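The structure appears right after this line, and notes come after that.
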Amino acid sequence: ATANFKFLYPLDQPIKAKIEAIAREVYKAASVEYLPAAEEKIELYTKQGFDKLPICMAKTQYSFSHDAALKGAPEGFVLPIRDIRASCGAGFLFPLVGDMPTIPGLPTRPAYYLIDVDTETGKVVGLS
């Protein structure tokens, strides 16, 4: 079977236009508010040429809005974009909607490599 996947917006649109298309068409927001950190990242990513990447919104799973307390499918709210991050290797930008936390990345060498058992004493080493 062939898939007919299509983005909601043309990829050559500016970052804000893509975010606003998702906000209006998917989440039914009335408008989008960009906090200063988001505005700075939009300018930076545009200068760096990442503005043509698709958008993947990072938001609560409990509501179509930014507010987990607004259950179901509210309409007509202002969607706040707190920051925007780039996942260049994966090929997308992800706006942080409201207070959405993110998990820090893992180090290239996991700490468990430093943990061992001293065979003479039987004590675990490398935990401090």
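I'm checking my understanding of the structure. Among residues of the range 43-64 that are hydroxyl-bearing (Ser, Thr, Tyr) and open to solvent by 30 Å² or more (accessible area, probe 1.4 Å), which one is farthest from ILE19 (Cα to Cα)?
Here the answer is TYR62.
Of the residues that sit in the range 1-37 and are touching a helix residue (DSSP H, G or I) at 6+ places or on another chain (Cβ under 8 Å) and part of a helix (DSSP H, G or I), which one is least open to solvent (accessible area, probe 1.4 Å)?
ILE15
Please go through the range 66-106 and give me each residue that is closer than 16 Å to ALA17 by Cα and open to solvent by 50 Å² or more (accessible area, probe 1.4 Å), ordered by number.
VAL78, PHE92 - these are the residues of the range 66-106 that are closer than 16 Å to ALA17 by Cα and open to solvent by 50 Å² or more (accessible area, probe 1.4 Å).
Based on this model, can you work out whether GLU40 counts as open to solvent by 30 Å² or more (accessible area, probe 1.4 Å), part of a strand (DSSP E or B) and at pLDDT 95 or above?
So GLU40 does not fit the description; no.
Could you tell me which residue of the range 77-128 is nearest to PRO10 (Cα to Cα), considering only residues that are among the hydroxyl-bearing types (Ser, Thr, Tyr) and not in a strand (DSSP E or B)?
In this case the residue turns out to be THR102.
Just a yes or no: is a residue in the range 51-60 assigned to a loop (DSSP other than H, G, I, E, B), charged (D, E, K, R) and touching a Phe, Trp or Tyr at 6+ places or on another chain (Cβ under 7 Å)?
The answer is no, given that none of the residues of the range 51-60 is assigned to a loop (DSSP other than H, G, I, E, B), charged (D, E, K, R) and touching a Phe, Trp or Tyr at 6+ places or on another chain (Cβ under 7 Å).
Given the residues LYS47, LYS59, which is the only one that is more than 17 Å from the chain's Cα centre (by Cα) and closer than 18 Å to SER87 by Cα?
Selected residue: LYS47, the only one of LYS47, LYS59 that is more than 17 Å from the chain's Cα centre (by Cα) and closer than 18 Å to SER87 by Cα.
The values are calculated or read from the model by the stated rules, or taken from the named source; none is laboratory data. Treat the numbers as computed from the prediction; the structure is a model and nothing was measured. Note: ideal-geometry Cβ built from the backbone for every residue, glycine included; neighbour counts use all protein chains shown. Remember, those area values only see protein heavy atoms, side chains included, never the ligands or the DNA or RNA. Shrake-Rupley method; radii C 1.70, N 1.55, O 1.52, S 1.80 Å.
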